[in-house]
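Some notes on the structure that comes next.
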Amino acid sequence: MKQLINNLLIKNTNSAFVQFLRYSFAGGMAAAANFLFLMLFTDICGIYYLTSNVLSFIIGLTVNYVLCKKYVFTASFGNGKVEFLIYGLIGLAGLLFDTGLMYFLTDTLHLYYMFSKIISTAIVLLWNFTARKFLYRSTDKIQNK
């Protein structure tokens with residue numbers, strides 16, 4: 001059992017399945033931060049929900065980067081600033097997709113903005129994992145040459 005936990009949670013791995021499990025956990029933590037700040041900014045601070053979405057997405061992206069760097073994707077570009085920039089660009093594409101979905105679901109279909117956020121988060125999760133897996137797989141291949 002200890003070996004299984006070590007393999008699933010701690011040991012470096014290139015297994016897409018294990019990485020997806022870890023990514024789902026990291027993404028869950030990032031999503032929790034994203035949702036919390038979205039509600040805080042919108043309901044307590046009175047900021048327009050799409051503006052709040054951008055701010056909270058940036059916070060969630062940062063949480064996700066830190067957790068994924070430590071537990072999910074172990075490859076490195078050697079330059080943390082460049083790595084975060086590329087990670088951020090993938091996140092920016094996810095943000096544009098997320099915000100577009102939020103707008104469509106909330107303003108067009110008239111869903112409650114937090115319900116829209118749940119739907120958009122589930123869809124964007126797949127984009128983010130796939131893009132980041134490809135990015136780090138490419139980095140692994142470059143480093144192992």
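Computed with a 1.4 Å probe on the full set of protein chains, the accessible area for K11 sits at about 110 Å².
Spacing of the modelled spin labels on A122 and T62, each 7 Å from Cα toward Cβ, amounts to 2.9 nm. Summarising the label geometry, the points placed 7 Å from Cα in the beta-carbon direction at F97 and T13 lie 2.4 nm from one another. Extension gain, C45 to V82, is 10.0 nm, computed as 0.36 nm per intervening residue step minus the present C-alpha separation.
The values are calculated or read from the model by the stated rules, or taken from the named source; none is laboratory data. Owing to the predicted nature of the structure, the values given are computational and were not obtained by experimental measurement. We place every Cβ from the backbone using ideal geometry, glycine too, and count neighbours over all the protein chains shown. Heads up: the accessible areas ignore ligands, DNA and RNA and are worked out on the full protein's heavy atoms, side chains in. Shrake-Rupley method; radii C 1.70, N 1.55, O 1.52, S 1.80 Å.
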